[in-house]
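The values are calculated or read from the model by the stated rules, or taken from the named source; none is laboratory data. Just so you know, these numbers come straight off a predicted model, no measurement behind them. Note that each Cβ is placed from the backbone with ideal geometry, even for glycine, and that neighbours are counted across all protein chains shown. These area figures cover heavy atoms from the full protein model, side chains too; ligands, DNA and RNA do not enter into them. Shrake-Rupley method; radii C 1.70, N 1.55, O 1.52, S 1.80 Å.
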Amino acid sequence: MQTGRFVDLIHKKKEGRPLDEQEIQDMIRQYVAGEIPDYQMSAMLMAICFQGMNDEELTALTIAMRDSGDVADLSDISGVKVDKHSTGGVGDKTTLITGPLVAACGVPVAKMSGRGLGFTGGTLDKLESIPGFRIDLSEDEFLGAVRSAGISVIGQTGNLAPADKMLYALRDVTGTVESIPLIASSIMSKKLAAGSDKILLDVTTGSGAFIKDIEQSRELARRMVAIGKGAGRETVAMLTSMDEPLGHAIGNNLEVKEAIETLKGNGPEDLREVCLALAGMMLALGREGLSYEDGKKLAEEALDSGAAYEKFTAMVEGQGGDLSYIEDPGKFVQSACHRELAARGDGYISHMDTEGIGITAGILGAGRETKESEIDYSAGIIMRKKLGDKVQRGDVIATLHSASEEKLDRAEGYMEKCYTLSDHEPEPLKLIVDIIC
Ligand code: URA
């Protein structure tokens, strides 16, 4: 395709006619090569936003994005490798728990994770709050760590899906982020490039998810599962609730400490339930003939026997982390300033603005305000009350942790608006909302 003819393709999409595989491949190759200017690609992205893409177009787009850079080769690691990806949430520390659970049951975990995005936290930032922990292993070190410990979690290596990096940056400034086909292709291009044999998608839904509407979340899950199938990778999606923060802790080392407690069998019930479900599904994907229910039972045994905790310590040790912090979490650096947020009335906690709570954690210092900002690993929130709890005026709802009183003042004002009290007890949350395969 000549650059000059790209306008014909924009017309085609604008009129709602599907693009063919060759057209999509040429478009991505030429865009990455700098032969299609940003203004034309912006018009194409907007046309996709309005007209959507069918499953064939979407699979072709995702594969072209995957093939725009390196594709990880995990064939040196024996066994079926299963990846897990969460679409993001608040207090979502599931990778720190499900990874060791799955590895303890004999399925290798070779995972590339991301950093916090917007109001959501990122696994890499949480792991880096463990002194010494390295997320930048070389390829050989990464494969070696998986072979010896059965698990390694690192940052994205090399030149993975560069087309996604370019398109994401363009979407960010052209009002085209919120498009289900564009989100689905963005996530799946990176997952396919990361090299695992099978993929479990944790598609969060609710007030603390990027996509808050359940039907839209279901559609995102369905489209990503279809891409996985089209690309020959078995993919399952679990829709999980993000209508309140997962567990009690939000913020990097606070979440690591909660993950350690959970691996020792003392974690919050909601976090334990979601982690066992995710691990159960990863095991069912990784072990021929194992059902999801049996996978959950195996995961539960690995949790209760301490085998998963052992795997976590092996991972930390294998990546240079200081084990004394895992053995004695009291050693983690603690915030200089704390404040208790008191209930301003009586009633049941009937709604949480979970995104707002994530933003509050960011104000406290747990996230980045700009790309260059340094994270304060000890900053964050401990939720003392959960959805459905009955409170009286003055009861402590949450404890805020930060480096300064000024940040606490700002965060307190914000957090005050993030929960609603009502006279009626709300329906209990369904944590595993749906499974799509
Ligand atoms: N996460 C991604 O990787 N891409 C998107 O488009 C949205 C969330």
Virtual paramagnetic centre 7 Å along Cα→Cβ of ALA403, amide N under 12 Å, in the range 313-345
335-337
Gained length - ARG5 relative to LYS417, 0.36 nm times residue gap less alpha-carbon distance
143.1 nm
Row for the range 214-356, column shape: gyration tensor on C-alpha, a ≥ b ≥ c, rounded if a/c < 1.5 i.e. under 1.5, prolate if a/b over b/c, else oblate; value oblate
Lys/Arg Cβ at +1, Asp/Glu Cβ at -1, dipole of the range 41-137 taken about the Cα centre: which of MET46, ILE63, THR95 is farthest positive-ward?
THR95
Based on alpha-carbon centroids, what's the gap between the range 185-210 and the range 67-142 in Å, whole number please?
12 Å
Just in the range 334-406: which trypsin sites (Lys or Arg not before Pro) are loop by DSSP and have at most 11 other Cβ atoms within 10 Å?
LYS371, ARG393
Given charges at beta-carbon only (K, R positive; D, E negative), |dipole| of the range 136-239 in Debye:
320 debye
Quick check: net charge around LYS12, other residues with Cβ under 15 Å of its Cβ, Lys/Arg +1 and Asp/Glu -1?
-4
Tensor-based shape of the range 1-63 (alpha-carbon gyration tensor, a/c under 1.5 rounded, otherwise prolate or oblate)
oblate
Once normalised by the length of the range 325-436, the mean sequence separation of its alpha carbon contacts under 8 Å that are 6 or more apart gives a contact order in percent of 40 percent
Net charge of neighbours whose Cβ lies under 14 Å from the Cβ of ASP76, counting Lys and Arg as +1 and Asp and Glu as -1:
-3
Probe 1.4 Å, protein heavy atoms only - accessible area per residue of the range 110-233 in square angstrom:
35 Å²
Using label points projected 7 Å from each Cα along Cα→Cβ, tell me how many nm separate GLU56 and VAL333, to one decimal.
5.6 nm
Over the Cα atoms of the range 274-321, compute the convex hull volume and normalise it per residue, giving Å³.
78 Å³
Under unit Cβ charges (Lys, Arg +1; Asp, Glu -1), what dipole magnitude, rounded to 20 debye, does the chain have relative to its Cα centre?
340 debye
In Å, descending, principal axis extents of the Cα set of the range 245-310:
38, 23, 17
Of the accessible area of the chain, with the probe set at 1.4 angstrom, what percent is carbon plus sulfur?
48 percent
Separation between the ALA342 and ARG222 pseudo-spin-labels, each 7 Å from Cα along Cα→Cβ, expressed in nm?
5.0 nm
Here, ASP434 and SER75, labelled 7 Å along Cα→Cβ, have an inter-label distance in nm of 3.8 nm
On each of the three principal axes the extent of the alpha-carbon atoms of the range 156-247, given in whole Å and largest first, is 35, 33, 25
Compactness summary of the chain: radius of gyration and Dmax from Cα atoms, Å, are 21.9, 68
Once the other residues with Cβ under 11 Å from the Cβ of ASP140 are scored (Lys, Arg +1; Asp, Glu -1), what is the net sum?
-2
Here the alpha-carbon Rg of the range 1-146 over 2.2 N^0.38 Å rounds to 1.36
Per-residue ellipticity at 222 nm for the chain, helices alone: DSSP H runs ≥ 4 residues times -39500 (n - 2.57), over residue total, nearest 500 deg cm²/dmol?
-14000 deg cm²/dmol
Given charges of +1 on the Cβ of Lys and Arg and -1 on the Cβ of Asp and Glu, with all other atoms neutral, how large is the dipole of the range 324-437 about its Cα centre, in debye to the nearest 20?
80 debye
